[in-house]
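Trainee: Just passing along the structure, written as structure tokens.
The values are calculated or read from the model by the stated rules, or taken from the named source; none is laboratory data. Keep in mind that this is a model prediction, so the values were computed, not measured. Backbone-built Cβ (ideal geometry, glycine too); neighbour counts: all protein chains shown.
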Amino acid sequence: MAWITKDDAARSEHAAEIGRARISVVWIRGAQRESGTTQRNAINIKQLLHMLVAKIDDIAKAVEEARGPRYFLLSLSNNRPKLQTFGKFQEVGTRLAGPR
């Protein structure tokens, strides 16, 4: 099972639950709700769908072949989907959204 979310606060707010449930998580970088401020590296819904379609098979394969949960960061780099994979929750880091 994998949870796909843009909620970068989930790492700190739901860490215990994620660990207990042993679920894989895909964090989408750049998918933020509209606000009065502009955001660097923001993506639109079309870009989000493109990213997921391009990388969903890679994500599914990594989750299926893993002995435990896997963690991912999915973002756009030069208008191309970029998927980073982590074997440990702690490796993902604390800054999941915003410029890198």
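Trainee: Just for region 7-31: of the residues that are touching a Ser or Thr at 6+ places or on another chain (Cβ under 8 Å) and at pLDDT below 80, which one is farthest from GLY87 (Cα to Cα)?
Mentor: Filtering first and then ranking leaves GLY30.
Trainee: A further question on this structure: Between a first residue in region 4-22 that is touching a residue at least 40 places away in the same chain (Cβ under 8 Å) and a second residue that is among the hydroxyl-bearing types (Ser, Thr, Tyr), which pairs have beta carbons less than 7 Å apart while being 6 or more apart in sequence or on different chains?
Mentor: ARG11/THR94
Trainee: Could you identify the single residue in ILE56, ILE4 that is part of a helix (DSSP H, G or I), at pLDDT 85 or above and surrounded by 12 or more Cβ atoms within 10 Å (Cβ to Cβ)?
Mentor: Criteria check complete, one pass: ILE56.
Trainee: If you check every pair at least six apart or on different chains, which have Cβ atoms under 7 Å apart with a residue in region 82-93 that is free of Cβ contacts under 8 Å to residues at least 12 places away in the same chain first and a residue that is surrounded by 13 or more Cβ atoms within 10 Å (Cβ to Cβ) second?
Mentor: Every condition considered, the pairs that remain are LYS82/SER75; LYS82/LEU76.
Trainee: Report, by residue number, each residue of region 59-94 that is among the basic types (Lys, Arg) and either in contact with a Cys (Cβ under 7 Å, 6 or more places away or on another chain) or assigned to a helix (DSSP H, G or I) (or both).
Mentor: Across region 59-94, the qualifying residue is only LYS61.
Trainee: State whether one or more residues within region 83-96 are over 16 Å from TRP3 (Cα atoms), out of contact with any Leu (no Cβ under 6 Å at 6 or more places or on another chain), modelled with pLDDT of 90 or more and surrounded by fewer than 14 Cβ atoms within 10 Å (Cβ to Cβ).
Mentor: no
Trainee: Report whether or not LEU76 is at pLDDT 80 or above and surrounded by 13 or more Cβ atoms within 10 Å (Cβ to Cβ). Walk me through it before giving the result.
Mentor: Working: at pLDDT 80 or above: yes; surrounded by 13 or more Cβ atoms within 10 Å (Cβ to Cβ): yes.
Against the criterion (at pLDDT 80 or above and surrounded by 13 or more Cβ atoms within 10 Å (Cβ to Cβ)), LEU76 qualifies.
Trainee: So for region 32-39 (the condition being modelled with pLDDT of 90 or more and among the charged types (D, E, K, R)), does at least one residue qualify? Outline the logic, then answer.
Mentor: First, pick out the residues of region 32-39 that are modelled with pLDDT of 90 or more: none.
No, that holds for no residue.
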